[in-house]
Amino acid sequence: MSDLFSPFALRGITLRNRIVISPMCMYSAQDGFANDWHLVHLGSRAVGGASLIIQEATAVSPEGRITPGDLGIWKDEHVPFLRRITDFIKAQGSVAGIQLAHAGRKASHRSPWEGADAILPTEPHGWQTVAPSAEPFTPDEPTPHALSVAEIGQVVADFRAATLRSLEAGYEVIELHAAHGYLLHEFFSPLSNHRQDEYGGSFENRIRLLLEVVEATRAVLPEHLPLLVRVSATDWTEGGWTAADTVQLAGILKDKGVDLLDCSTGGNVAKADIPVGPGYQVEFAEQVRRETGLPTGAVGLITDAQQAEAIIASGQADLVLLARESLRDAYFPLHAAHELGTDIAWPNQYMRAKPRL
């Protein structure tokens with residue numbers, strides 16, 4: 001048995017292996033509603049053998065969407081089709097997870113394939129974006145509205161309500177999206193948060209919103225279900241959020257009941273110099289795990305079985321999260337097991353195609 005295909009426990013949930021499908025936006029919803037595309041996309045990766053399928057960034061409010069095509073969970077009517085997806089994922093032996101998100105100042109964009117002019121005008125299909133401070137992501141984008149303290153309270157309430165709906169829809173893992181320059185990341189990065197109140201200035205103030213969301217979410221999650229947080233471990237920019245900040249935050253999150261830190265990077269600076277290469281973000285997952293004892297997930301150009309095996313076997317991370325490679329190969333876990341000489345169960349319907357070891 002390879003380390004990659006060993007089980008891993010998160011509270012009362014046991015994952016059958018260490019391969020997780022990373023949340024990836026499909027930009028294919030209408031008014032937040034999931035449809036057959038999402039069912040087939042997520043379901044096929046469960047058929048492919050991944051242990052945990054984390055649904056794409058799912059907006060906790062309409063203004064929290066990146067694009068009009070984002071999935072949403074801000075109203076009860078979203079739940080029935082999402083339940084259909086989670087039922088199918090579970091029937092394949094995988095665990096259904098959901099990433100709850102608010103896009104902040106990076107909201108109200110067109111889908112990536114709709115042209116270079118990414119910003120939606122406020123009318124007829126766009127909306128006013130929000131942020132910790134009234135500063136746009138790039139100079140040519142509209143200025144976001146700086147949230148009042150009361151409005152920040154509503155954001156926390158939206159995450160709590162979304163968590164309750166997620167439970168009703170059958171998700172067993174909740175991940176909070178505090179990465180890639182979206183709202184929660186905007187608050188804790190000094191590059192985007194220039195507030196002078198209790199949500200700005202010091203490290204403790206800048207992480208306050210994330211901690212409030214964690215506390216509100218953990219309070220309504222059953223004790224046996226895990227809570228994950230995705231962070232950008234560095235802004236890759238001088239004066240921004242750093243790996244040392246992430247380690248400090250991770251220790252606090254561990255005490256608040258977070259079960260795993262999903263370590264990505266970047267996204268809050270439009271032209272950051274990022275040294276992209278195979279496994280370029282794994283070092284941050286390793287550092288957090290080593291210095292805090294909090295389990296971590298590694299993500300970022302993890303593309304082959306031997307690479308994924310080495311990350312787990314060496315103790316750099318507890319889970320590997322696949323994104324683009326899983327788009328290229330929905331059955332990566334089945335193929336990886338064969339490459340690593342490990343016999344795992346295939347779906348009965350596909351047994352005739354299972355290669356011999």
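The values are calculated or read from the model by the stated rules, or taken from the named source; none is laboratory data. Predicted model, so just to flag it, every value in this text is computed and none were measured. No Cβ is skipped: glycine too gets one built from the backbone with ideal geometry, and neighbour counts run over all protein chains shown.
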Check your understanding: Can you tell which of Lys90, Lys75 is in contact (Cβ under 8 Å) with a residue 12 or more places away in the chain, among the basic types (Lys, Arg), surrounded by fewer than 19 Cβ atoms within 10 Å (Cβ to Cβ) and touching a strand residue (DSSP E or B) at 6+ places or on another chain (Cβ under 9 Å)?
Key -> Lys90
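Can you tell me which residues in region 224-248 are among the small types (Gly, Ala, Ser) and not in a loop (DSSP other than H, G, I, E, B)? Walk me through how you get there before you give the answer.
Residues of region 224-248 that are among the small types (Gly, Ala, Ser), as a first pass: 232-233, 239-240, 243-244.
If the condition is that a residue be among the small types (Gly, Ala, Ser) and not in a loop (DSSP other than H, G, I, E, B), then Ser232, Ala243, Ala244 are the ones that fit.
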Review point. Could you list, in sequence order, the residues of region 90-122 that are among the basic types (Lys, Arg), over 16 Å from Ser61 (Cβ atoms) and not in a loop (DSSP other than H, G, I, E, B)?
Key: Lys90
Practice item. Output yes when any residue across region 100-109 is among the aliphatic types (A, V, I, L, M), under 21 Å from Leu228 (Cα atoms) and without any contact (Cβ under 8 Å) to a residue 60 or more places away in the chain, and no when none is. Key: no
Review point. If you check every pair at least six apart or on different chains, which have Cβ atoms under 9 Å apart with a residue in region 1-17 that is at pLDDT below 95 first and a residue that is surrounded by 13 or more Cβ atoms within 10 Å (Cβ to Cβ) and not hydrophobic (A, V, I, L, M, F, W, C) second?
Key: Met1/Thr342
**Study point:** Single unsatisfied condition, Val231 versus (1) in contact with a strand residue (DSSP E or B) (Cβ under 8 Å, 6 or more places away or on another chain); (2) buried (at least 19 other Cβ atoms within 10 Å of the Cβ); (3) over 30 Å from Thr86 (Cα atoms)
**Key:** (3)
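The rows are residues; the columns are (1) part of a loop (DSSP other than H, G, I, E, B); (2) more than 25 Å from Thr122 (Cα to Cα); (3) of a type in the set (A, V, I, L, M, F, W, C).
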position	(1), (2), (3)
Val155	no, no, yes
Arg165	no, yes, no
Gly200	yes, yes, no
Leu209	no, yes, yes
Val214	no, yes, yes
Pro222	yes, yes, no
Study note, to complete from the structure: In region 234-253, anything within 15 Å of Arg290 (Cα to Cα) and without any contact (Cβ under 8 Å) to a residue 12 or more places away in the chain is listed as Ala244
Exercise for review: Output the number of the condition that Gly153 fails; it satisfies all remaining conditions of (1) surrounded by fewer than 19 Cβ atoms within 10 Å (Cβ to Cβ); (2) under 23 Å from the mean Cα position of the chain (by Cα); (3) touching a residue at least 12 places away in the same chain (Cβ under 8 Å); (4) over 19 Å from Lys254 (Cα atoms).
Suggested key: (3)
Exercise for review: May I ask you to say which residue of Asp70, Asp3 is crowded, with 24+ Cβ neighbours inside 10 Å and in a loop (DSSP other than H, G, I, E, B)?
Suggested key: Asp70
Check your understanding: Would region 158-166 turn up any residue that is within 27 Å of Leu319 (Cβ to Cβ) and without any contact (Cβ under 8 Å) to a residue 60 or more places away in the chain?
Key -> yes
Study note, to complete from the structure: Ala323 vs (1) touching a residue at least 60 places away in the same chain (Cβ under 8 Å); (2) over 16 Å from Thr265 (Cβ atoms): all pass except (2)
Check your understanding: Using beta carbons and a limit of 7 Å, which pairs, at least six apart or on different chains, have the first residue in region 181-209 and within 15 Å of Ala244 (Cα to Cα) and the second one β-branched (Val, Ile, Thr) and in a loop (DSSP other than H, G, I, E, B)?
Key -> Phe188/Ile207
